[in-house]
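Here's the structure we're looking at; comments come further down.
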Amino acid sequence: MTEIGIGICGGGYMGKAHAVAMSAVGAVFNTALRPRLEMVCASRSESAERYRAAFGFARATADWRELVADPKVEAIVIATPQETHRDIAEAALALGKPVLCEKPLGASIEDGAAMVAAAEAAGVANMVGFNYVRTPATQFARQLIADGVIGNVTWFRGEHTEDFYADPEAPASWRTEGMANGTMGDLAPHMVNAALALLGPISKVLGEVETVHAERPGGRVTNDDHAQIMCRFQNGAMGHMYFSRIATGRKMGYAYEITGTKGAIRFDQEDQNALWLYRMEGPEETRGFVKILTGPAHPDYEPFCQGPGHGTGYQDQIIIEARDFLRAIETGEAVWPTFRDGHEVNRVIAAALASSEAKSWKDIKGF
């Protein structure tokens with residue numbers, strides 16, 4: 001086993017999740033590389049020191065440049081606001097340091113393209129933090145589709161719906177300012193990434209983006225509340241995706257339905273340890289969706305628990321992600337999703353936004 005010094009930029013919600021994951025991943029997966037929490041960065045020295053003490057880092061700083069340049073920091077996790085992603089990543093990659101960047105990749109399609117170029121020029125491990133596709137259930141769904149269990153896929157319906165802004169009296173905040181913080185910048189990338197993971201590349205889109213509550217207590221809303229995308233995949237399948245932060249009653253509505261010529265799959269993140277599978281076989285009177293509870297037979301489940309149906313949780317997804325990042329560093333082989341894979345999500349989002357403005361279909365090749 002070899003230690004590797006980890007630096008995390010950002011100590012908030014996702015910074016904490018990554019710190020916990022790096023602390024646990026060696027024990028859970030018996031990784032060859034064992035993370036050492038070397039340095040954490042926050043916007044203020046007081047916050048950075050608080051995160052250091054709480055999470056177990058050796059040192060803290062309020063300057064991300066100090067963290068990136070430190071020789072004891074050998075790999076970097078970016079868990080800061082989107083507009084900071086590009087500068088941090090480019091600086092780290094220029095020093096040959098591997099980078100795991102939270103989604104989405106930068107605050108614009110230009111940022112994403114520049115980060116891809118920097119990562120590929122550096123030739124080091126690079127990943128984007130799309131954690132939800134790493135649940136054992138969704139990994140199993142990918143396997144079922146790849147193995148042809150449901151035949152040729154003809155239809156995909158996905159959503160990422162939450163209700164944290166369903167109340168029109170909820171006050172304006174940073175979340176209501178700028179498209180990068182709106183539904184298309186915040187929630188949509190997760191489900192677009194799922195669509196790409198499950199069905200492959202998207203060829204064209206028709207998008208519609210809307211702000212429902214344009215005024216909130218404390219200010220005007222400058223980004224979108226919900227949006228939808230019709231799409232056509234390169235494999236010929238039709239698709240539809242819906243994203244919302246005002247979906248009353250939905251807390252973590254990351255869900256999809258996939259129809260094939262031999263069967264179908266359903267999944268809902270609010271019940272993340274179950275996958276519903278329909279096989280078009282046997283007598284008609286006995287056919288129906290079967291609920292499959294995840295267990296040790298499914299991808300990346302057994303390291304957490306040996307009992308089927310006991311379940312994994314949100315933090316476990318981040319631990320799996322940490323394992324994949326360490327594996328990419330150790331082997332030198334790219335682990336999905338790389339920066340280029342993350343940028344493909346950016347391209348779909350950019351095309352959908354342009355489609356909404358033009359009120360017409362847009363080909364992804366133009367983005």
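The values are calculated or read from the model by the stated rules, or taken from the named source; none is laboratory data. Keep in mind it's a predicted model, so treat the numbers as computed, not measured. Here the Cβ positions follow ideal geometry from the backbone for every residue, glycine too, while neighbour counts run over all protein chains shown.
Of all residues in region 221-250, those satisfying the criterion of being of a type in the set (S, T, N, Q) and without any contact (Cβ under 8 Å) to a residue 60 or more places away in the chain are Thr222, Asn223, Gln228, Gln234. Every listed requirement among (1) part of a strand (DSSP E or B); (2) among the charged types (D, E, K, R); (3) surrounded by fewer than 16 Cβ atoms within 10 Å (Cβ to Cβ) is met by Arg266 save one, (3). In region 150-159, is there at least one residue being outside any loop (DSSP other than H, G, I, E, B), in contact (Cβ under 8 Å) with a residue 24 or more places away in the chain, out of contact with any Lys or Arg (no Cβ under 8 Å at 6 or more places or on another chain) and within 30 Å of Arg220 (Cα to Cα)? Yes, some residue in region 150-159 is outside any loop (DSSP other than H, G, I, E, B), in contact (Cβ under 8 Å) with a residue 24 or more places away in the chain, out of contact with any Lys or Arg (no Cβ under 8 Å at 6 or more places or on another chain) and within 30 Å of Arg220 (Cα to Cα).
Restricting region 222-263 to residues that are over 26 Å from Pro299 (Cα atoms) and of a type in the set (D, E, K, R) leaves a set whose member that is surrounded by the most Cβ atoms within 10 Å (Cβ to Cβ) is Asp224.
Do we find that Pro303 is part of a loop (DSSP other than H, G, I, E, B) and over 24 Å from the mean Cα position of the chain (by Cα) in this structure?
Considered against the rule, which asks whether it is part of a loop (DSSP other than H, G, I, E, B) and over 24 Å from the mean Cα position of the chain (by Cα), Pro303 comes out as no.
With respect to Val128, is the statement that it is within 17 Å of the chain's Cα centre (by Cα), within 24 Å of Lys365 (Cβ to Cβ) and in a strand (DSSP E or B) true? Taking the combined requirement at face value, the residue satisfies it.
Mind listing whichever residues of region 155-169 are farther than 21 Å from Tyr132 by Cα and either surrounded by 17 or more Cβ atoms within 10 Å (Cβ to Cβ) or in contact with a Pro (Cβ under 8 Å, 6 or more places away or on another chain) (or both)? Of everything in region 155-169, those that are farther than 21 Å from Tyr132 by Cα and either surrounded by 17 or more Cβ atoms within 10 Å (Cβ to Cβ) or in contact with a Pro (Cβ under 8 Å, 6 or more places away or on another chain) (or both) turn out to be Tyr165, Ala166, Glu169. Please find, within region 82-108, the residue that is nearest to the chain's Cα centre (by Cα) out of those that are touching a residue at least 40 places away in the same chain (Cβ under 8 Å) and part of a loop (DSSP other than H, G, I, E, B). Across region 82-108, the extreme among qualifying residues is Lys103. Tell me, please, whether a residue that is modelled with pLDDT of 95 or more, at positive phi and not in a strand (DSSP E or B) can be found in region 181-191. Scanning region 181-191, I find no residue that is modelled with pLDDT of 95 or more, at positive phi and not in a strand (DSSP E or B), so the answer is no.
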